[in-house]
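Read the figures in this text as sums done on the coordinates, not as results from a lab. Source: prediction; values computed, not measured. Reconstructed Cβ throughout: ideal geometry from the backbone, glycine too, with neighbour counts over all protein chains shown.
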Amino acid sequence: MGETSRVLPPDLRVEYPRAARAAGCYLYDDQGREYLDGCSSAIAVNVGHGNPEILDAIRAQLDTITYCYRTQFANEPAERLAAELVRLAPGDLSHVQFTNSGSEGTEAAIRLALQYWQEVGRPERRLVVSRDVSYHGATLGALAVSGHEARRRPLAALLPDLPRAPRADCHRCPFGLTRDTCALDCASAVEQTILAAGPGNVAAFIMEPVVGAAGGAVPAPPGYLTAVAEICRRHDVLLIADEVMTGLGRTGRWFGVDAESVAPDLLVLGKGMSAGYLPIGAVLVDARIHAAIHDGSGTSALGHTYSANPLAAASAAAVVDFLVRYDVPARAARAGDRLRRGLAAVLAARGVAADVRGAGLLLGVDLTPHDPDRDHGVTAAALTAAAFEERLLIYPAGTDAVPRAVIVAPPLTITDAELDQLVDRFAAALDRVVPVADRRST
């Protein structure tokens, strides 16, 4: 960005190119170079850059009202968006509280869970159980329930020591088992963690249906979501589904929990709802929680200056309308199958042992092999940098000291021809980091 820049960037040692414009699945810098957005930037741009239907909705809202404050007025775009989210949502989720981001959505979900137990006369239920290798946001409350040590470390002195269950990852099973030899020990461990904390002290359990930035698109093992939901019901623990990354079509279904028809008590949205246009997040609450607050204190105090503002709500409502009109989740499922096959093929052709996993168009490539003799030593940083040189954006992920996984998650609107181009550029990036002499045939 140069010495004249006054912007504090993520890495002060990196000279970032300047983005000048974007359209569809591509971004262009101020030198005219084209980049294929293979990770929807931050797994956010779900309906593509510069989508005309979203831009038209934003322009129309600019001509009516852009801002009103939630303690003074309701507004039509927010009401319309909330009604559509509730219609699409699983289970008995009945009301929506809007935030400005997914991190704030996690904060709101935690506070609503605690408020619920206070409203029903059980204030001692104040612990939130989470999992190792997880990430729920950058704010203090969200970090407190995140199993991402690198992101927790700078603020460790401020974070409470909340109980965490082991990760659920068949590629790197914390119990040393394989899927065909285990009995969902990772789900049983959630129950053991709740029991160790004392079920009467636990307010909620929070999970990502597919672990994103912390793991690299790690899907829950088959049966895990169902088992955990039953454990929460058995111990009267609220289930919070963090769908900031997975929600609204990214996994090939409307929500990640739909893979096993699980109905959470609270569901957090963010990236998929904003789609990279205007900042917005949300937490959906079920009817039981709403009734307890309505019949108790009658107030839901958590909010922010821009919560439910009509401009962001109109933008998000247009995103959801686009997803519904064009049945985008089904499209993501089909495109994800094509992309998974393509990535697996280029890895196999180069003898690179990797776990290609995920759901829909939320895919991960974990370059940590089970057999050390097949380890090429490729890191997430090296592969991401090589992909950038090939004008492909992918997203590094993982909580290891040296992360080895990347996320490949293009816009859900990507065409077959663009998917093939993505795979070709990924192959070229691999060729940069895996020398020919070091490749092994499969």
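Could you list Val190, Val423 in order of exposure, starting from the residue whose Cβ has the fewest other Cβ atoms within 10 Å?
Sorted ascending by nearby Cβ count, the order is Val423, Val190.
Tell me the label-point distance for the pair Arg6, Glu34, using the 7 Å Cα-to-Cβ offset, in nm and rounded to one decimal.
3.6
Which longest run of the chain has no exposed loop site in it, a site being chymotrypsin sites (Phe, Trp or Tyr not before Pro) in a DSSP loop with at most 16 other beta carbons within 10 Å, and the site itself not part of the run?
176-325
Need one number: nm distance between label points at Tyr69 and Asp424, each 7 Å from Cα along Cα→Cβ, rounded to one decimal.
5.5
Taking amide H positions as placed 1.01 Å from N in the peptide plane, with prolines and chain starts having none, which residues 5 or more places from Leu238, or on another chain, fall under 5 Å of its amide H?
So Leu238 has HN proximity to Ala204, Phe205.
Using C-alpha positions alone, give me the convex hull volume of the range 286-442 per residue in cubic angstrom.
So the per-residue hull volume is 193 Å³.
Roughly what would the spin-label model give for Ala150 and Asp236, points 7 Å off Cα along C-beta, in nm?
Here the answer is 4.2 nm between the modelled labels.
Can you compute 3J(HN,Hα) from phi for each residue in the range 57-66, using the Karplus curve 6.51 cos²θ - 1.76 cosθ + 1.60 with θ = phi - 60°, rounded to whole Hz and x for Gly and Pro?
Values per residue, Gly and Pro as x: 5, 5, 4, 5, 5, 4, 7, 10, 8, 9 Hz.
May I ask you to work out the translational diffusion coefficient for the range 102-250 at 4 °C, viscosity 1.567 mPa s, via Stokes-Einstein with Rh from the Kirkwood sum over Cα pairs, reported in whole µm²/s?
Roughly 84 µm²/s, to the nearest whole number.
At a 10 angstrom cut-off on C-beta neighbours, averaged per residue, how do the peptides 233-240, 100-107, 12-19 rank from highest to lowest?
The peptides rank, most packed first, as 100-107, 233-240, 12-19.
Checking a compactness column here: for the range 300-346, what do you get for Rg(Cα) / (2.2 N^0.38 Å), N being the number of residues?
1.84
Among Leu195, Gln97, Val210, whose Cα sits farthest toward the positive end of the charge dipole of the range 71-210 (+1 at Cβ of Lys/Arg, -1 at Cβ of Asp/Glu, about the Cα centre)?
After comparing all options, I get Leu195.
Mind ranking 162-168, 280-286 by how tightly packed they are, going by the mean number of other C-beta atoms within 10 angstrom, highest first?
280-286, 162-168
Return the sequence-ordered ³J(HN,Hα) values of the range 307-318 in whole Hz as given by the Karplus equation 6.51 cos²θ - 1.76 cosθ + 1.60 applied to θ = phi - 60°, using x for Gly and Pro.
Karplus values, whole Hz, x for Gly and Pro: 4, 6, 5, x, 5, 5, 5, 5, 4, 5, 4, 5.
Taking the Kirkwood radius as the inverse of the mean 1/r across Cα pairs, report the Rg/Rh of the chain.
Rg divided by Rh gives 0.96.
Have a look at the range 219-328 and give its Rg and Dmax from the Cα atoms, expressed in angstrom.
Looking at the range 219-328, its Cα Rg and Dmax stand at 15.5, 42 Å.
Can you find, among Asn309, Val356, Gly272, the residue sitting farthest towards the positive end of the charge dipole of the range 231-356, where Lys and Arg contribute +1 and Asp and Glu -1 at Cβ?
Of the candidates, Val356 comes out farthest on the positive side.
Output ³J(HN,Hα) for the range 187-194: one whole-Hz value per residue in order, computed from phi by the Karplus curve 6.51 cos²θ - 1.76 cosθ + 1.60 with θ = phi - 60°, and x for Gly and Pro.
Karplus-based 3J(HN,Hα) across the range 187-194 equals 6, 4, 5, 4, 5, 4, 5, 5 Hz.
When the gyration tensor of the range 53-153 is built from Cα positions, what are the square roots of 5 times its three eigenvalues, in whole Å, from largest to smallest?
With the √(5λ) rule applied to the range 53-153, the semi-axes are 31, 19, 14 Å.
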